[in-house]
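A short worksheet on the structure shown next.
Every number in this text was worked out from the coordinates using simple rules, so none of it is lab data. Computed from a predicted structure; not experimentally measured. So basically every Cβ, Gly included, is an ideal-geometry build from the backbone, and we count neighbours across all protein chains shown.
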Amino acid sequence: MAEKTKIGIIICDRYRTCAGGKCLRSMRNREGAFNRYKDKDVELVGYTTCNGCPGGNIEYAGDEMVKNGVQVIHFATGFLVGYPPCPYIDTFKQFLEYCYGVEVVLGTHPIPQKYLEMHQSLGTWEDGIWKIWLKDTMTDEVTRLAYN
Ligand code: SF4
């Protein structure tokens, strides 16, 4: 049996009622940040929310996911596209990578086109760091529209 990459997904609590439709679809189709697994099998070993600002569940979710063998933790695209985007992205990423030795990837499904247009209007993503943070989920317009 081919070895699977074990992944976990943490979503922004603003979207706590989300059933994971876009994340799971993009994981299945290897789109957005899941394109990195296009030639690999993946297994979802954890899915939860940050539990609301300032993200008290990041610590516990990391611990639980590691016990389930997680190798890569994805922060859902909602971290990036919310109004405003999560202000703790960097802290959470550093904490999980340092504390648990896992890789943290920013994003899951492709950025929906409507969010791109709104953030362009608001100027949210003008700082240079956003180019790096959005690189896995920006995709192309056809794909972004498919996730609107
Ligand atoms: S903005 Fe950040 S800390 Fe606040 S609910 Fe969303 S992911 Fe959690």
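Brief remarks on what is shown
- Residue within the range 58-72 that is aromatic (Phe, Trp, Tyr), part of a helix (DSSP H, G or I) and touching a Ser or Thr at 6+ places or on another chain (Cβ under 9 Å) present: yes
One line per residue, one yes/no per condition, for (1) within 13 Å of the ligand (Cβ to nearest atom); (2) closer than 19 Å to Lys22 by Cα; (3) touching a Phe, Trp or Tyr at 6+ places or on another chain (Cβ under 9 Å):
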| site | (1), (2), (3) |
| --- | --- |
| Phe34 | no, yes, no |
| Lys38 | no, yes, no |
| Gly46 | no, yes, no |
| Ile58 | yes, no, yes |
| Glu64 | no, no, no |
| Val70 | no, no, yes |
| Ala76 | yes, yes, yes |
| Phe79 | yes, yes, yes |
| Val102 | no, no, no |
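- Some residue of the range 72-94 being farther than 19 Å from Asp13 by Cβ, among the hydrophobic types (A, V, I, L, M, F, W, C), out of contact with any His (no Cβ under 6 Å at 6 or more places or on another chain) and surrounded by 13 or more Cβ atoms within 10 Å (Cβ to Cβ): yes
- Every condition in (1) within 16 Å of the ligand (Cβ to nearest atom); (2) touching a residue at least 40 places away in the same chain (Cβ under 8 Å) is met by Tyr88 except one, and the failing one is (2).
- Verdict on Tyr37 being aromatic (Phe, Trp, Tyr) and free of Cβ contacts under 8 Å to residues at least 24 places away in the same chain: no
- Residue match in the range 47-64 (condition: of a type in the set (Phe, Trp, Tyr), surrounded by fewer than 21 Cβ atoms within 10 Å (Cβ to Cβ) and under 19 Å from Arg25 (Cα atoms)): yes
- Extreme residue, farthest from the chain's Cα centre (by Cα), among residues of the range 10-23 that are within 16 Å of the ligand (Cβ to nearest atom), surrounded by fewer than 17 Cβ atoms within 10 Å (Cβ to Cβ) and assigned to a loop (DSSP other than H, G, I, E, B): Thr17
- Scanning the range 13-29 turns up one or more residues that are among the β-branched types (Val, Ile, Thr) and more than 14 Å from Asp136 (Cβ to Cβ).
- Near pairs, Cβ below 7 angstrom, 6+ apart or cross-chain, from the range 56-69 (farther than 13 Å from Phe92 by Cα and touching a residue at least 24 places away in the same chain (Cβ under 8 Å)) to any residue that is of a type in the set (Phe, Trp, Tyr) and in a helix (DSSP H, G or I): Val66/Tyr100
- Criterion violated by Ser26 - all others in (1) more than 16 Å from the ligand (Cβ to nearest atom); (2) surrounded by fewer than 19 Cβ atoms within 10 Å (Cβ to Cβ) satisfied: (2)
- Of the residues in the range 106-116, not one is more than 16 Å from the ligand (Cβ to nearest atom), in a loop (DSSP other than H, G, I, E, B) and either free of Cβ contacts under 8 Å to residues at least 24 places away in the same chain or surrounded by fewer than 11 Cβ atoms within 10 Å (Cβ to Cβ) (or both).
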